[in-house]
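None of the figures in this text is laboratory data; all of them are computed from the coordinates on show. Quick caveat: nothing in here was measured; it's all calculated off a predicted structure. With ideal geometry, Cβ positions are generated from the backbone for all residues, glycine too; neighbour counts draw on all protein chains shown.
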Amino acid sequence: MKKRLMALCLILVFVLSANILFMASCSGPAKKELILASTTSTADSGLFDVMLPEFEKISGYKVKLIAVGTGEAIEMGQKGDADVLMVHSRKAEDQFMEEGYGSVRKDVMHNDFIIVGPAEDPAQIKGKSAVDALKAIAESGSLFISRADKSGTHNKEMSIWEKAGITPEGDWYTETGQGMGETLTITQDKQAYTIADRGTWLAMADDFTLEILVEGDSSLFNPYGVIAVNPEKFPDVNNEGALAFIEYVTGEKGQALIKDFGVDKYGQPLFYPDVIK
């Protein structure tokens, strides 16, 4: 009798344990929220509106997207206030990794920057190189609108001014401290010039009379990377979620989504995948 009772107890314990494990596996990841700090340009393009619901569906994570400039996103990573970053300033990304703030970095996608301005083109920059275009804008005193927010776009702009040997300042140079969408809207209102990423431009171009005046210059190349914040520096970050997101955006499903995004609406992709061509 005692042996039978013990056997029944063992069976009961086994069943209960299996049930607990099953329930745990069905409940998804233990830490469900994933904080993604990324660029306003990526968010404004609408890419995340398509990408994040699909990732949440297959992974079980709930993504909290914080869309800021690349500089601010990287600062969040340096404080452990984000789990994963998706940004576009390679020099800053490399420094982030070298200083031990990131544990994994991978290339994701690229597009390019463009210089847009009014159709009448008062500085006559159409068809020039990026450096010569900014020189012409400064020499003519034509109004230029800068994001001035330490974003990847702002970093690119400042690198071109540096190559041109110009420190931009004066009444002709306006700093917004805003994201790409807001800066483009201000540029439209003032009929000025600015540098924009092509993805945001394509997503918003129907709202503007501005035109693309400079494009195709090799200095305007715009690569994006994804970085997991280092759990050795910040033990509370959701490292499992960050690695799952990196696997998704660099994997077959994420890369295919990037490749196709925008083609049906704009006749061309807004971004080009870097892992799966």
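May I ask you to derive the relative contact order of the range 112-220, considering only C-alpha pairs under 8 Å and at least 6 residues apart, and to give it as an integer percent?
Working: 178 pairs, mean separation 52.2, N = 109.
Taking the mean separation of contacting Cα pairs over the length of the range 112-220, I get 48 percent.
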ask   = What base-10 log of the normalised intensity I(q)/I(0) is obtained for the chain from the Debye formula, alpha carbons as equal point scatterers, at q = 0.08, 0.09, 0.10 Å⁻¹?
value = -0.40, -0.48, -0.57
query = Considering only the other residues whose Cβ falls under 15 Å of the Cβ of Tyr248, what net charge follows from Lys and Arg at +1 and Asp and Glu at -1?
reply = -3
query = Given the rule -39500 (n - 2.57) for each run of at least 4 DSSP H residues, summed and divided by the residues of the chain, what is its mean residue ellipticity at 222 nm, to the nearest 500 deg cm²/dmol?
reply = -14000 deg cm²/dmol
message = What number does the range 64-114 give for Rg over Rh if you use C-alpha atoms and the Kirkwood radius?
response = 0.94
message = Looking at the calculated P(r) for the range 74-186, what percent of the C-alpha pair distances fall above 22 Å?
response = 42 percent
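Give, as a single signed number, the net charge of other residues whose beta carbon lies under 15 Å from the beta carbon of Thr167, with Lys and Arg counted +1 and Asp and Glu -1. Could you put the intermediate results ahead of the total?
Working: positive: Lys135, Lys163; negative: Glu139, Glu157, Glu162, Glu169, Asp171, Glu175.
Local charge sum for Thr167: -4.
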query = Pick from Ser151, Ser103, Ser45: which is most flexible by mean-square fluctuation in a GNM of the chain where alpha carbon atoms under 10 Å apart are linked?
reply = Ser103
note = Nearest 10, in degrees from 0 to 90: the angle of helix 239-250 to the longest Cα principal axis of the chain is 60 degrees
message = Of the candidates Val249, Val226, Val50, which one comes out as most mobile in a Gaussian network treatment of the chain with C-alpha springs shorter than 10 Å?
response = Val50
message = Multiplying the sequence separation of Met158 and Asp264 by 0.36 nm and subtracting their Cα-Cα distance, what value in nm do you get?
response = 34.8 nm
